[in-house]
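Asks: Got a structure for you, questions after.
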Amino acid sequence: MNFKEYNFNNKRALVRVDFNVPIDSQGVVTDDTRIRMAIPTIKKIISDGGSVVLMSHLGRPKDAPSPEFSLKQIVGSLESLLERKIIFISDCISDSSLETTKNLENGSVVLLENLRFYKEEKLGDKDFASKLANHADVYVNDAFGTAHRAHASTSIIADYFPNDKMFGILIENEILSVDKVLNSNSHPLTAIVGGAKVSSKITIISKLLDKVDHLIIGGGMAYTFIKAQNGSIGKSLVEDQYLDLALEILQEAKDKGVQIHLPSDSLCCKEFSNELPTKVRPINQIPEDEMGLDIGPESIKAFNEVIVNSSLILWNGPMGVFEMSNFQNGTGSIAHSIVKATENNAFSLIGGGDSVAAINLFKLGSKVSHVSTGGGAMLEYLEGKQLPGIEAINN
Ligand code: AMP
């Protein structure tokens, strides 16, 4: 069923959103991106003449209500972004909550309390899902960030709406963007992978070798590849148990005609600190008492060259410890190169928690083609896995 073509007039739509936003100790939402991204879906339902019941999780409560994880804290942000009052219900399945949604007037927007106050949500409990389903006539999944989970509200609930289930605008865009990278024949296709660990990115790297022309590897994981090739990496991050695997990946890339680009230089420091002097070193000649915390200027130049000449770009994971100002330059430069390529008509997809945080830090999110809201979900989708939240709607 197509969301944009569906007429919500007189319908109550139960919308699974991802309002799992960061909230500070004063209860203030510090980044409202996820709320903002859900607004088009909500507005379309209202403008059709329907009503909306929103449900989400927030954080990791211990299967019971607790004020620090209450969605009540986001009501102000939601109301100002939506420019209308909303009705907050302090329990997602109580009789009184069902009473409220039973008699909803068209144009109303309801927000249910955190789904994860019930352990049944993560367990994918059928009974819990059926209670949630009683809130509405139509089910809309617009939470890409949790699409890889078979939870009650993301997957099991779809069974209760066999003829009235669909993706919202946000998920639809996410799928279109990832499919574009997966199915496109545009070349060169460049994947940039960074972040701390090889281990968490192995599956995606292997999968990418079948697709990409260039694979740029930066961040902490690069040192495992350098050490595997007998480089001296000092105290840099390394996963010794993956040295053989790193060599296998390099060989596989060669066999498949994929060009791998590893950093040639590294910005080093004696400690994991923003306070001590830094020095650029060849990445395979780092002294025993130093560690590489960012890519160096030569690597930036080489990576930039590959990126600006690409037609399709996928980026996951920072090039260095971008949380510290001394080691931001590599990640920032890569972000700017991606923007430059996008201006030259490349399609760029940024995904995975830390690369999204990085692109937002440099305020470049609006200058790339698509920033995915679902880190884990996006990676699993790219790996070719079936996501329960997507399957539940498609089947
Ligand atoms: P991941 O969650 O695997 O994408 O890793 C992201 C984290 O990797 C960020 O917190 C970065 O600070 C960290 N990181 C990136 N480069 C390095 C490096 N050279 N040494 C240590 N940590 C790094």
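No value in this document is a laboratory result; all are computed from the given coordinates. Everything numeric in this text was worked out from a predicted model, so none of it was measured. All Cβ positions, glycine included, derive from the backbone under ideal geometry; neighbour counts span all protein chains shown.
Asks: A 32 angstrom limit on the alpha carbon distance is what I want to check against. Which of Lys211/Lys363; Lys62/Lys201; Lys254/Lys385; Lys4/Lys301; Lys270/Lys367; Lys235/Lys340 exceed it?
Replies: Values: Lys211/Lys363 29 Å; Lys62/Lys201 29 Å; Lys254/Lys385 25 Å; Lys4/Lys301 44 Å; Lys270/Lys367 36 Å; Lys235/Lys340 34 Å.
Among Lys211/Lys363; Lys62/Lys201; Lys254/Lys385; Lys4/Lys301; Lys270/Lys367; Lys235/Lys340, the Cα-Cα distance tops 32 Å for Lys4/Lys301; Lys270/Lys367; Lys235/Lys340.
Asks: Given a cut-off of under 8 Å on Cα pairs at least six residues apart, what relative contact order in percent is computed for region 174-382?
Replies: Rounded, it is 22 percent for region 174-382.
Asks: Related question: Using only the Cα atoms of region 174-382, each taken as one equal point scatterer with no solvent, compute I(q) by the Debye sum, divide by I(0), and report log10 of the ratio at q = 0.08, 0.16, 0.17, 0.18 Å⁻¹.
Replies: So the normalised log intensities work out to -0.24, -1.00, -1.13, -1.27.
Asks: Could I ask something else about it? Loop sites only, by DSSP: take the GluC sites (Glu not before Pro) in the chain that have at most 11 other C-beta atoms within 10 Å and name the longest stretch containing none of them.
Replies: In the chain, the maximal stretch lacking such sites is 106-274.
Asks: Give me the distance between the Cα centres of region 28-90 and region 162-184, rounded to whole Å.
Replies: 22
Asks: Classify the chain: rounded, prolate or oblate, from the alpha-carbon gyration tensor (a ≥ b ≥ c, eigenvalue square roots; a/c under 1.5 rounded; otherwise prolate if a/b is larger than b/c)?
Replies: Prolate, since a/c reaches 1.5 and a/b exceeds b/c.
Asks: If you don't mind, another one. Using θ = phi - 60° and the Karplus form 6.51 cos²θ - 1.76 cosθ + 1.60, what ³J(HN,Hα) does each residue of region 236-245 get, whole Hz, x for Gly and Pro?
Replies: Working through the residues one at a time gives 4, 4, 8, 10, 4, 6, 10, 4, 5, 4 Hz.
Asks: Can you compute the charge dipole magnitude of region 1-69 about its Cα centre, using +1 on each Lys and Arg Cβ and -1 on each Asp and Glu Cβ, nothing else charged? Give it in debye, rounded to the nearest 20.
Replies: Roughly 300 debye for region 1-69.
Asks: State, as an integer percentage, the relative contact order of the chain based on alpha-carbon contacts under 8 Å between residues 6 or more apart.
Replies: Relative contact order here is 15 percent.
Asks: Can you tell me how much longer the chain between Ser25 and Leu176 gets when fully stretched, taken as 0.36 nm per residue apart minus their C-alpha distance, in nm with one decimal?
Replies: Computed gain between Ser25 and Leu176 is 50.7 nm.
Asks: Please list, in chain and number order, the residues 5+ apart from Ile216 or on another chain whose amide H is under 5 Å from its amide H, with Hs placed from the backbone.
Replies: Close amide H contacts, sequence-distant or interchain: Ala191, Ile192, Val193, His261.
Asks: Skipping prolines and chain starts, which residues have an amide H placed within reach, meaning under 5 Å, of the one on Ile23, given they are 5 or more residues away or on another chain?
Replies: Correct list: Thr30.
Asks: Give the percent of DSSP beta bridges with both residues in the chain that are antiparallel, rounded to the nearest 5.
Replies: That works out to approximately 20 percent antiparallel.
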